[in-house]
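First up is the structure itself, then whatever we jot down about it.
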Amino acid sequence: MGKNIVVAGLGHGGIAAAALLAKAGYDVTVYEKKKKGTLGYDWTDIFAPDALKYAEIDMPDDDKYEYKQDMTFFGPTSEKALHQHVPEDQLEIKMERRDIYEHLINNALRYGVKIVYNCEVEGPIVLGNRVVGIKTEKGDVYGDLIIDACGMNSPVRRNLPESFGIEKDVARNERITIYRAFFNVAEDVEVEAKFKVMLFKGGELGINWVASEEDHTDLLMGRFEDFDIEHAEKFADFLRTENPRLGTKILRGGQFVEIPVRQPLSIMVADGYAAIGDSAFMTVPVIGSGIANSLKAAKVLANTVIKDKSDSFSAESLWNYQVNYYKVLGANLAPLAQAKLLLLKLTPDDVDYLFEKEILTDDLITIGADFTGIGNLKVDPKDLINKAKQVCSDTELLKKIIACGVGMGKVAAVCSMMPKKWNQRRVQNWAKVYEFSFK
């Protein structure tokens with residue numbers, strides 16, 4: 001074997017794939033711009049534990065995680081609530097973000113993966129029609145296969161030749177800006193909804209949550225437009241009027257990050273190249289969760305590479321990775337991008353109406369928020385349209401819902417027509433149709 005695999009960036013999917021490939025006997029090196037021990041934001045994150053098993057990773061020690069509590073969703077007026085009721089065997093776990101990375105990194109090191117820290121990846125090295133390496137601040141690095149785990153704005157993906165047909169940029173409505181901080185507990189009062197999620201609160205286009213923990217209050221704001229710390233502080237003051245536990249002293253966090261919330265990448269592979277995680281837009285389009293999806297993608301990618309006995313790492317052989325990823329997850333994720341587009345067209349009054357008329361239900365909120373856990377979300381566009389027709393008397397809103405349902409149906413149909421075998425012309429033609437489905 002002896003083939004040299006280079007992973008650009010220490011994304012969750014990249015390091016999980018590195019471990020599986022090193023375990024299979026490949027020589028794998030990861031290049032990461034951050035310092036050792038500094039990966040991960042200063043807060044917790046949630047993901048489905050079944051993804052660890054899928055990626056052949058042990059569960060973390062019991063003291064490193066806890067099970068996430070159900071969320072309660074509110075519309076802009078907060079008058080009606082929707083409650084999750086996730087079954088115990090499908091609960092997600094909550095871990096410190098840095099502990100997640102440590103667990104994945106230790107797993108990879110156990111199988112011989114090498115990690116080079118303090119080494120920023122600057123772009124790909126391309127010879128002819130093949131990616132043969134990466135440019136880094138410390139010099140050029142060559143490999144037989146380059147796995148791109150550099151994230152949403154990957155310098156590798158964004159600098160590939162146009163002839164590859166791989167999408168490079170992320171539109172403003174395809175990424176959400178998140179501000180998150182853990183605040184002190186101002187008043188130790190009992191709250192009915194311990195994990196409170198608010199949509200379009202205060203007329204803002206976005207999502208907020210206030211989660212009441214024993215020793216802190218977890219505040220998140222997500223917007224589809226740029227905002228700054230001054231706006232975040234003012235909005236936090238606004239939220240305190242209904243959430244007296246939310247203190248004013250930041251204990252941890254206080255950072256802004258950007259997360260892709262769009263359909264998976266239309267073409268994830270080329271000769272010598274495969275994208276994974278945020279580099280391939282593997283988050284759930286309506287909520288931004290992506291860790292579990294990336295871990296599952298790691299297994300799909302590793303299986304594809306290992307089963308290719310020729311070790312050619314060609315687009316033809318790597319295409320099976322994309323086909324199988326869409327079969328496992330992508331074909332269900334892509335239609336949800338239409339639901340995200342619907343969200344961007346709604347007004348606060350529209351959202352309240354969806355709650356009041358029970359077009360949004362406890363069951364839908366439960367399935368949608370737990371998508372990464374079960375990996376088999378099936379939202380029937382016809383059911384969505386029929387239900388809206390029965391209860392929705394708002395003509396303009398009904399038109400938006402019908403358009404969303406039709407769009408979801410079209411995207412599902414396009415996904416089913418993805419070429420099963422690699423042919424560059426056919427694949428790129430399919431990708432154009434797929435991308436146009438979200439315009």
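The values are calculated or read from the model by the stated rules, or taken from the named source; none is laboratory data. These numbers were taken from a predicted model, which means no experiment stands behind them. Using ideal geometry, Cβ is built from the backbone for each residue, glycine included, and neighbour counts are taken over all protein chains shown. Areas reflect the complete protein model, heavy atoms only, side chains present, ligands, DNA and RNA absent. Shrake-Rupley method; radii C 1.70, N 1.55, O 1.52, S 1.80 Å.
Contact annotation: residue pairs with Cβ atoms under 6 Å, 6 or more positions apart or on different chains, pairing a residue in the range 151-172 that is part of a helix (DSSP H, G or I) with a partner that is among the aliphatic types (A, V, I, L, M), are R157/A275; F164/A270. Is there any pair with a first residue in the range 295-308 that is of a type in the set (A, V, I, L, M, F, W, C) and a second that is open to solvent by 10 Å² or more (accessible area, probe 1.4 Å) and part of a loop (DSSP other than H, G, I, E, B) whose Cβ atoms are under 6 Å apart and which are 6 or more apart or on different chains, and what are they? Cβ pairs passing all conditions: I306/A24.
Of all residue pairs spaced 6 or more apart or on separate chains, those with beta-carbon atoms under 9 Å, a first member in the range 420-439 that is under 19 Å from P285 (Cβ atoms) and a second member that is in a helix (DSSP H, G or I) and open to solvent by 80 Å² or more (accessible area, probe 1.4 Å) are S437/K410. Selection of the range 127-150 for residues being in a loop (DSSP other than H, G, I, E, B), out of contact with any Phe, Trp or Tyr (no Cβ under 9 Å at 6 or more places or on another chain) and acidic (D, E) yields only E137.
Screening the candidates I267, I306, I276, I287 for the property of being open to solvent by 10 Å² or more (accessible area, probe 1.4 Å), in contact with a helix residue (DSSP H, G or I) (Cβ under 8 Å, 6 or more places away or on another chain), among the aliphatic types (A, V, I, L, M) and at pLDDT 95 or above yields one hit, I306.
So that you can scan it fast, the table gives a plain yes or no per residue for (1) open to solvent by 10 Å² or more (accessible area, probe 1.4 Å); (2) under 25 Å from the mean Cα position of the chain (by Cα):
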residue	(1), (2)
K138	yes, no
L145	no, yes
N153	yes, yes
V156	no, yes
F164	yes, yes
V191	yes, no
F195	yes, yes
G202	yes, no
N208	no, yes
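Restricted to the range 318-376, and to residues that are modelled with pLDDT of 90 or more and outside any helix (DSSP H, G or I), which residue is surrounded by the most Cβ atoms within 10 Å (Cβ to Cβ)? Filtering first and then ranking leaves L346. Residues that are open to solvent by 10 Å² or more (accessible area, probe 1.4 Å), among the acidic types (D, E) and farther than 30 Å from L91 by Cβ number at least 1 in the following strands (runs of 3 or more DSSP E) confined to the range 1-48: 27-31.
May I ask you to list pairs of residues, at least six apart or on different chains, whose Cβ atoms are under 6 Å apart, with the first in the range 389-408 being in contact (Cβ under 8 Å) with a residue 40 or more places away in the chain and the second being among the basic types (K, R) and in a helix (DSSP H, G or I)? Partner pairs satisfying both residue conditions: K400/K345. Read through the list (1) in contact with a helix residue (DSSP H, G or I) (Cβ under 8 Å, 6 or more places away or on another chain); (2) in a helix (DSSP H, G or I); (3) surrounded by fewer than 18 Cβ atoms within 10 Å (Cβ to Cβ), then give the number of the only condition that D89 fails. Tallying (1) in contact with a helix residue (DSSP H, G or I) (Cβ under 8 Å, 6 or more places away or on another chain); (2) in a helix (DSSP H, G or I); (3) surrounded by fewer than 18 Cβ atoms within 10 Å (Cβ to Cβ), D89 fails exactly one: (1).
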